[in-house]
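The values are calculated or read from the model by the stated rules, or taken from the named source; none is laboratory data. Computed from a predicted model, the values in this text were never measured in an experiment. Positions of Cβ are backbone-derived with ideal geometry, glycine not excepted, and every protein chain shown enters the neighbour counts. Side chains included, ligands, DNA and RNA excluded: accessible areas come from the protein's heavy atoms. Shrake-Rupley method; radii C 1.70, N 1.55, O 1.52, S 1.80 Å.
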Amino acid sequence: MDIRIFASNPLLNTAAAGLIAHLLQAKPNAVLGLATGGTPVGIYEELIKLYTLQHIQFREAISFNLDEYVGLPETHDQSYHAYMQQHLFKHIDLPQSNIHIPNGNATDLEAECARYDALLDGVKQIDLQILGLGHNGHIGFNEPDEGLVGGTHLVELKEETRLANARYFNNLAEVPTHAITMGIGTILKARTILLVVRGTDKAKIVHDALTGPITTENPASLLQTHPNLVVMLDTEAGELFS
Ligand code: PGA
């Protein structure tokens, strides 16, 4: 496990974008596992800069997003479809046909999960999976539980997750109760995992996840088993590591 602590968020963003840029330069048709939420926004901004400077291109790349809310129209500004367009896709040359995000409005959600897994099987392996971290240890929307699911599946969001995400909606009632998420098995199959965590409010959960017992009650703790895990923390999130 490679844990890097950065003195500032701009430095972290540059390093994370650099890792992704390196991959794209070495392998233009890389499969990228993408995340949403507040955590990756600054990294996507750096990637857009590198693209604008023509240091990288996405023409041949393939992307798979971790998750999507159930029942939120794709045009809703808090859908992860809309988020990805706004923060990354509309600024770069990644072809629409290479973009994959679960469809949270499918009439048959089980079939949608199977469809997503079949697409993931088609690419065999994600080259680099970006992950944020929930306050309860979730990765993607794999919430703490007695057991975890390997493949893409429907989840009921925990109250703490809905509360954390309520800041993006008008009120808690508007936050969807369910989501489709890529499973832990798919995440752990990625060649490289980049876990990014910011802020003092996540210092304990990230420390527990990476140094405590491996338990499904802290899904991120399973990342300890991954052979190529890169962790990027700002000073606040990394305060318990020194
Ligand atoms: P955040 O969410 O990036 O908005 O903090 C991370 C997560 O819940 O996975």
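The table for this structure:
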| quantity | calculated |
| --- | --- |
| Residue within the stretch 10-28 that is assigned to a loop (DSSP other than H, G, I, E, B), surrounded by 19 or more Cβ atoms within 10 Å (Cβ to Cβ) and either within 16 Å of the ligand (Cβ to nearest atom) or in contact (Cβ under 8 Å) with a residue 24 or more places away in the chain (or both) present | no |
| Residue tally, condition surrounded by 14 or more Cβ atoms within 10 Å (Cβ to Cβ) and within 15 Å of GLN86 (Cβ to Cβ), over the stretch 29-52 | 12 |
| Which listed residue is part of a helix (DSSP H, G or I) and aliphatic (A, V, I, L, M), from ILE180, ILE214, ILE187, ILE193 | ILE187 |
| Qualifying residue in the stretch 41-58 (condition: closer than 28 Å to PHE141 by Cβ, over 17 Å from the mean Cα position of the chain (by Cα), part of a loop (DSSP other than H, G, I, E, B) and more than 16 Å from the ligand (Cβ to nearest atom)) | yes |
| Selection count where residues are open to solvent by less than 10 Å² (accessible area, probe 1.4 Å), more than 15 Å from the chain's Cα centre (by Cα) and either within 16 Å of the ligand (Cβ to nearest atom) or closer than 22 Å to ALA166 by Cβ (or both), scope the stretch 105-143 | 0 |
| Residues satisfying the stated conditions in the stretch 144-155, i.e. within 16 Å of the ligand (Cβ to nearest atom) and assigned to a loop (DSSP other than H, G, I, E, B) | PRO144, ASP145, LEU148 |
| Any hit, the stretch 94-104, residues being open to solvent by 30 Å² or more (accessible area, probe 1.4 Å), away from the ligand (no atom under 16 Å from the Cβ) and touching a strand residue (DSSP E or B) at 6+ places or on another chain (Cβ under 6 Å) | yes |
| The listed residue being among the polar types (S, T, N, Q) and at positive phi, out of GLN85, GLN78, GLN96, GLN54 | GLN54 |
| Where a residue in the stretch 187-207 is open to solvent by 20 Å² or more (accessible area, probe 1.4 Å) and its partner, wherever it lies, is within 13 Å of the ligand (Cβ to nearest atom) and of a type in the set (Val, Ile, Thr), with Cβ under 7 Å and at least six apart | ARG198/THR39 |
| Count of the stretch 196-209 residues which are assigned to a helix (DSSP H, G or I), among the small types (Gly, Ala, Ser) and under 21 Å from ASN13 (Cα atoms) | 1 |
| Hits in the stretch 217-229 - residues which are away from the ligand (no atom under 15 Å from the Cβ) and either open to solvent by 10 Å² or more (accessible area, probe 1.4 Å) or in a helix (DSSP H, G or I) (or both) | GLU217, GLN224, THR225, HIS226, PRO227, ASN228 |
| First in the stretch 125-152 and more than 19 Å from ALA237 (Cβ to Cβ), second anywhere and within 7 Å of the ligand (Cβ to nearest atom) and modelled with pLDDT under 95, Cβ under 6 Å, 6 or more apart | none |
| Residue in the stretch 156-172 that is in contact with a strand residue (DSSP E or B) (Cβ under 7 Å, 6 or more places away or on another chain), in a strand (DSSP E or B), among the hydrophobic types (A, V, I, L, M, F, W, C) and in contact (Cβ under 8 Å) with a residue 12 or more places away in the chain present | no |
